[in-house]
Amino acid sequence: MNIYDVVIVGTGPVGLATALGLRQRGIENILLIDQTRAFRKVGQVVDLLPNGLKAIKYINPNAYEAVKNVAIPQNQPQKPSPVWLYKDLQGKNVHSTYLSFDDWFEKYGEGRVSITWYNLQTSLRKLLPKNIVKINNRCVNIQEESENNCVRIDCVSDASVNNNPYAYWEEDKDVEAPTIQFETKSFRAKLVVAADGINSTVRKAIYQDTSHSDFAQPEYSKFAAIFCRDIEIPSQLQTQLEEKYFSEASILTIGNHTVHNISTENPRLILFSRGSIGYILHAALPLESIQNASENALIEIASQELEKAGFPEELKQVVRLSSPANMQQRPYYIHHAVRHSPASELTWSLGRTVLVGDAAHGMPPFMAQGANQGFEDALFISTQIHKIAQNNNWDDIKAITESFQIYEKYRRPFMEYIQHATLTRFPLSSYKLSEEYTKKVYCRNLDSAVGIMV
Ligand SMILES: Cc1cc2nc3c(=O)[nH]c(=O)nc-3n(C[C@H](O)[C@H](O)[C@H](O)COP(=O)(O)OP(=O)(O)OC[C@H]3O[C@@H](n4cnc5c(N)ncnc54)[C@H](O)[C@@H]3O)c2cc1C
């Protein structure tokens, strides 16, 4: 029977970063599995901020370079640093953020990059040997096998399962498409790292039959996005948008906010101009209103939200011009890091299995911290597993539990802070709170954290 030291479920950014962290620390008997049937160009643009990049550097310096190399170029020669503007409904600037790597590096000791989820995944995946990454393995259950001192990971390979519906670009030709029609398979590992995202199957498996069973599924965060790209805009409206809103920027957030009051409940329109105009509307919406809504209904809901919040005519017109074929919606879910009522401790691990990334604490992307926090998890957990390996504690369940608890002790209170900031957006409400947040998050010193834990 082959027993891996570690099986990582999920080859998203956090699973891959964990694998790189383990290999960097000499743990090579590992396997990564993913349900995907092909690595495809899926997903949104993700901003990696100083804390996430610092974590990646610690995980594996080559990963840091690889990620930087595939980031979307922000600076054009001879041009000032691009900027993300925040404007009120009258088009007045209330806040602005420079987007270039160098600006952030100067301020926080580490830079900032924007990168597509797919390029992030690919750049990390290509640093791992091909044979340790197995696609078309959907984990359906995990089971502790105390007689073998390991966990069994049951998987299904099923060619009839559709690929990710968000995939709309070409496939990666480097990876062979699976031909299997239907097969069940089990892998065994001393430890399982669950990096299978917000709808984590492993989380469900470890929470079922416990007092946390109602925390197995993610909860709707009350917020959702309605978005559209490639909108055809008449030239007069285009000029109006450029003069009143974009100025020199290509991305901006417009909302009913003032310098001192950026409210979460009010809808916000992120408008971008990348060759053509597109928008993302973030609003507090009942889940039932958007689930199964037709494309035209989504346009109607977005228009009504802007109307209710008093958005000016030209922005309502942009939404009305949306092409139904390009309309999408996305409800945002959350796994709360802390359970307040009833006050009982949640746990991110059970026995030999531990949760990381969105599987542990997925949340809406309003402060752009999902992947960044996941990279912090990857660093902390690979450091802890390294300690288990160094002390040859693979069969010492008490030592394993203690290591996972140390990881959680460091990560959970910080995640509570990040989720609070995400849901209330308090750092944008005053200069003082913004300073406090940037100091705590972007200037985060991971040296001491890793030092303490090693
Ligand atoms: C619109 C949007 C914008 C965002 N912007 C930012 C941002 O600017 N900055 C930021 O830091 N974060 C951002 N995020 C969040 C970020 O994308 C996530 O936090 C991050 O991708 C989480 O990584 P992960 O590896 O934990 O999970 P995922 O990226 O979800 O990866 C999970 C992997 O597990 C696989 N999987 C799932 N179930 C199974 C199973 N049963 N068996 C096997 N494999 C399985 C999936 O196929 C997938 O490959 C954004 C998210 C969204 C939706």
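Values in this text are rule-based calculations from the coordinates and carry no lab data. What you see is a predicted model, and the numbers here were worked out from it, not measured in a lab. When we count neighbours, we look across all protein chains shown, and the Cβ atoms used for this are built from the backbone with ideal geometry, even at glycine.
Express the Stokes-Einstein translational diffusion coefficient of the chain in µm² s⁻¹, to the nearest whole number, given a Kirkwood radius over alpha-carbon pairs, 37 °C and a viscosity of 0.692 mPa s. D = 142 µm²/s.
When each of the peptides 239-250, 398-409 is scored by the mean number of other C-beta atoms lying within 10 Å of its residues, the order from highest to lowest reads 398-409, 239-250. Among 368-377, 59-68, sorting by the average number of other beta carbon atoms lying within 10 angstrom of each residue, highest first, gives 368-377, 59-68. Among Thr210, Thr201, the order by Cβ neighbours within 10 angstrom, fewest to most, reads Thr210, Thr201.
Can you list the lysines whose alpha carbon sits under 18 Å from that of Lys126, skipping same-chain ones fewer than 8 residues off? Output for Lys126: Lys41, Lys57, Lys68, Lys134, Lys173.
When region 356-454 is described by a simple charge dipole with +1 on each Lys and Arg Cβ and -1 on each Asp and Glu Cβ, the residue from His386, Ile418, Gly357 located farthest towards its positive end is Ile418.
Legend: calculated FRET efficiency, Asn391 to Glu106, from the Cβ-Cβ distance at R0 = 35 Å, rounded to 0.05, equals 0.25.
For region 220-332, the Kirkwood radius over C-alpha pairs fed into Stokes-Einstein at 25 °C and 0.890 mPa s yields D = 172 µm² per second.
Relative to one another, the C-alpha centroids of region 1-57 and region 365-390 are positioned 10 Å apart. Once the Cα-Cα distance is subtracted from the 0.36 nm per residue extended length, the Met1 to Asn148 segment shows a gain of 52.0 nm. Peptides 19-26, 411-418, ordered by how many other C-beta atoms sit within 10 Å of their residues on average, highest first, read 19-26, 411-418.
For region 281-360, the normalised intensity computed at q = 0.18, 0.20 Å⁻¹ comes to -0.80, -0.89 (log10 of I(q)/I(0), Debye sum over alpha carbons, equal scatterers, no solvent).
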